[in-house]
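Just below is one structure, and these are the notes that go with it.
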Amino acid sequence: MARSTKGLYKRGHVWWMTYCDAIGTQRFESCKTSNKKDAENRLVDRRKEAQEGMLPAAPIQPLALEDLQARYLAFVGHQRGVATKHIHFAHFTRVWGNPPIHTLTVEALDHYRARRIGEQVGPATINREMATLKHALSKAVEWKLLRKTAREELAAIKKYQEPSGRLRYLSGPAEADRLLTDCEESLKPIVLTALHTGMRKEELLSLTWEAVDMTHGFIRLKQTKNGTARALPFNETLWSLFSGLRTRQDVPWVFHNAEGNRWNDIRHPFERACELAGLTDFHFRDLRHTFASWLIMRGVALATVSNLLGHSSPTMTLRYAHLSPKHLTSAVRVLDPVSGSSHDNYMTIEPNQTPGAVVASAMNEGTETPKRLARRGENELVPKAGFEPAHPCGR
């Protein structure tokens with residue numbers, strides 16, 4: 001058996017060729033000719049067809065959805081969100097049963113999404129479920145359990161338009177005081193820490209005394225949602241709280257129940273506290289929004305707030321940008337004539353004011369401009385009261 005051009009070889013008087021098909025499997029095929037030139041042309045055609053995915057691939061053993069679920073969940077078992085992926089697959093099997101994965105067409109996925117919408121499931125949740133399924137099918141292609149073309153057909157499924165993220169926060173210290181007053185004694189330190197650090201619920205519930213540096217005034221989180229470590233400074237309010245909070249040396253958790261076990265969920269006691277305080281449509285995550293909103297309204301830079309929140313990208317913090325007086329006034333002042341004076345300390349927006357209210361207030365003063373008033377020392381339009389949270393929310 002003589003070998004000549006790469007990919008061509010002879011068996012007797014007939015040329016044969018070898019190449020990789022559309023999914024990377026090596027194929028062997030007779031060129032059905034003894035003419036070498038014709039055999040080379042056939043090999044070129046086969047390779048081109050394979051690159052374009054036109055060539056029928058070798059048969060693949062059908063794989064059931066439950067088998068893919070077992071393999072995929074074992075593959076992502078180390079990830080933080082694996083519990084959510086388990087829930088996603090539970091919905092898939094509830095709706096579809098256990099079909100072969102190559103039968104999951106665009107029509108089947110559209111049927112699933114319509115079913116979930118009928119169950120009053122939001123578009124963001126459905127998008128996450130589809131992302132899990134598509135990732136699992138992509139891994140099936142890598143594992144040679146599904147043809148690549150079958151997975152690519154599902155690219156026609158577009159994400160649902162998701163509503164903009166809600167931004168609910170406590171309007172001021174009065175609401176915060178009411179909430180803290182109505183919290184159970186075991187819940188109150190958790191809520192107070194959330195208001196002063198912006199920590200996520202899971203970060204708070206899993207917080208240990210080892211992570212609390214009382215000497216330097218830092219909470220050092222080794223593992224966060226985005227997988228990076230984060231150091232959070234805490235203020236005098238939390239220093240006083242932590243100083244009197246540890247009563248048991250045998251318990252590693254900062255927040256724990258009477259038996260010394262960490263809290264697994266505080267949803268129900270928090271909802272009761274909100275109901276007693278008269279807070280509607282308020283969730284625990286909104287304490288994080290409150291922390292960020294209060295900082296922005298006090299003039300803290302967006303980049304600083306982004307670092308404190310542990311956002312992987314500063315763009316995630318831009319949802320709070322409209323709360324920043326400097327952000328608004330600096331934007332419109334680029335249209336002013338060039339001047340050596342600044343009115344940043346003049347046009348200050350109170351947390352309970354809108355930009356329009358401030359402008360209207362200035363207009364009502366008559367013909368005197370802010371510059372003239374500042375020169376005369378008249379500062380009636382300058383709000384002196386800051387957004388100072390009162391005890392027990394701050395000092």
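All of the numbers you see were taken from the coordinates with simple rules; none came from a lab. Bear in mind the structure is a predicted one, so any value in this text is a computation, not a measurement. Neighbour counts run over all protein chains shown; Cβ positions are idealised from the backbone, glycine included.
Rounded to the nearest 0.05, the FRET efficiency derived from the C-beta distance between residue 253 and residue 134 at R0 = 30 Å is 0.20.
The Cα-based radius of gyration of segment 65-156, divided by its Kirkwood radius, gives an Rg/Rh of 0.93.
Compactness of segment 173-322 is given as radius of gyration and Dmax, 15.2, 46 Å, from Cα positions.
Pairs with C-alpha atoms separated by more than 24 Å, drawn from the list 48/134; 6/148; 6/32, are 48/134; 6/148.
Once every Cα of segment 1-131 carries one equal point scatterer and solvent is ignored, give the base-10 log of I(q)/I(0) from the Debye formula at q = 0.16, 0.17 Å⁻¹, two decimals. Treating every Cα as an identical point scatterer, log10 I(q)/I(0) equals -0.84, -0.90. Computed about its Cα centre, the charge dipole of segment 163-209 is approximately 240 debye, with only Lys, Arg, Asp and Glu carrying charge at their Cβ.
With only the Cα atoms considered, segment 8-51 has a convex hull volume of 50 Å³ per residue.
So how do 297-303, 127-133 stack up, highest first, on mean other-Cβ count within 10 Å? Please report the intermediate quantities before stating the final value.
Details: 297-303: 15.6, 127-133: 19.3.
Going from most to least packed, we get 127-133, 297-303.
Summing Cβ point charges (Lys, Arg +1; Asp, Glu -1) relative to the Cα centre of segment 8-51 gives a dipole of roughly 160 debye.
For the pair residue 214 and residue 168, a Förster radius of 51 Å applied to the C-beta separation gives a FRET efficiency near 0.95, rounded to the nearest 0.05.
A dipole drawn for segment 65-156 from +1 and -1 charges on Cβ atoms has a positive end, and of 102, 88, 149 the residue lying farthest that way is 88. Taking Cα centre as origin and charging only the Cβ of basic (Lys, Arg, +1) and acidic (Asp, Glu, -1) residues, the dipole magnitude of segment 1-160 rounds to 520 debye. Multiplying the residue separation of residue 264 and residue 125 by 0.36 nm and removing their Cα-Cα distance gives an extension gain of 47.7 nm.
May I ask you to list the GluC sites (Glu not before Pro) in segment 137-184 that are in a DSSP loop and have at most 16 other Cβ atoms within 10 Å of their Cβ? Walk me through the intermediate numbers first.
Numbers: sites: 142, 152, 153, 175, 184; in loops: 184.
Passing both the DSSP loop test and the Cβ count: 184.
Distance between the modelled labels on residue 10 and residue 67, one decimal in nanometres: 4.4 nm (7 Å Cα→Cβ projection).
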